[in-house]
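First up is the structure itself, then whatever we jot down about it.
The values are calculated or read from the model by the stated rules, or taken from the named source; none is laboratory data. Keep in mind it's a predicted model, so treat the numbers as computed, not measured. Note: ideal-geometry Cβ built from the backbone for every residue, glycine included; neighbour counts use all protein chains shown.
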Amino acid sequence: MAVRRAFAFLDGFGFREVCEAATIVRYATERVFLNVYHGRSSFELGIEVGLLEARGEQHGYSLGEFVRLVDPAEAGRLKNDCATTANEVAYGVARLATRVQQYLARVLRGDEAIFPELARQRREWADAFAADISYRQVGPKAAAAFREKRYSEAADLYESVKSQLSPAELMKLEYAKQHG
């Protein structure tokens with residue numbers, strides 16, 4: 001099997017294969033799991049890595065999240081390989097194994113301190129994403145209220161997304177506050 005060949009290096013880091021199914025192979029140490037998967041409908045090849053929790057909860061992180069922590073510029077370029085043939089799977093899994101060795105070195109060495117860093121990064125990304133969505137919804141309403149000289153409403157709307165405002169929008173906010 002392509003996954004076993006490509007990920008044989010995990011044995012040297014204390015990982016053992018603990019489960020195999022048609023589209024997933026699971027490796028684990030006493031504390032960390034690493035799933036190698038082939039998406040059933042997306043055909044994407046990827047990994048999920050996380051801590052094994054005593055309560056049975058298993059919260060994992062993708063390769064992209066590890067790459068973003070190590071090399072944010074590369075994370076923006078990273079795409080999961082898709083594979084529909086045996087040759088594509090073998091090639092993609094080999095590339096994935098290389099990326100795991102490159103970007104998950106800390107996990108492979110047993111450094112569990114990376115997981116709180118990943119959790120913080122995920123929270124920050126989720127907060128930024130939510131702020132962006134909010135801005136995309138509120139920004140046009142605020143601009144319309146400003147154009148229509150409903151300054152009090154514009155000020156309230158701009159204030160609700162202040163961290164996302166451009167310099168020009170910040171000036172509009174101040175103007176709306178003064179004239180609202």
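Side notes on the structure shown:
- Residues within the stretch 1-28 that are of a type outside the set (A, V, I, L, M) and under 23 Å from the mean Cα position of the chain (by Cα), tallied: 4
- Residue tally, condition more than 14 Å from VAL107 (Cβ to Cβ) and part of a loop (DSSP other than H, G, I, E, B), over the stretch 21-41: 6
- Those residues of the stretch 73-91 which are surrounded by 14 or more Cβ atoms within 10 Å (Cβ to Cβ) and assigned to a helix (DSSP H, G or I), in sequence order: GLU74, ALA75, GLU88, VAL89, ALA90, TYR91
- The stretch 92-137, residues that are assigned to a helix (DSSP H, G or I) and more than 18 Å from GLY64 (Cα to Cα): ALA130, ALA131, ASP132, ILE133, SER134, TYR135, ARG136, GLN137
- Here PHE146 fulfils each of the conditions (1) more than 30 Å from ALA28 (Cβ to Cβ); (2) loosely packed, with under 15 Cβ neighbours inside 10 Å; (3) not assigned by TED's automatic domain parsing to the domain that holds LEU52 apart from (2).
- For the stretch 16-50, a residue qualifies if it is in contact with a helix residue (DSSP H, G or I) (Cβ under 9 Å, 6 or more places away or on another chain), more than 19 Å from GLU88 (Cα to Cα) and in contact (Cβ under 8 Å) with a residue 24 or more places away in the chain, and the qualifying residues are THR29, VAL32, LEU34, VAL49, GLY50.
- Pair list, Cβ under 8 Å, 6 or more apart: the stretch 100-111 residue without any contact (Cβ under 8 Å) to a residue 40 or more places away in the chain, other residue part of a helix (DSSP H, G or I) and surrounded by 14 or more Cβ atoms within 10 Å (Cβ to Cβ): ARG106/ILE114
- Total residues in the stretch 79-99, condition closer than 25 Å to GLY14 by Cβ, touching a residue at least 60 places away in the same chain (Cβ under 8 Å) and not small (Gly, Ala, Ser): 2
- When GLY139, GLY76, GLY64 are checked against the criterion of being in contact (Cβ under 8 Å) with a residue 12 or more places away in the chain and in the same structural domain as ARG40 (by TED's automatic domain parsing), a single residue qualifies: GLY64.
- Restricting the stretch 138-163 to residues that are assigned to a helix (DSSP H, G or I) and acidic (Asp, Glu), the residue that is farthest from GLY60 (Cα to Cα): GLU153
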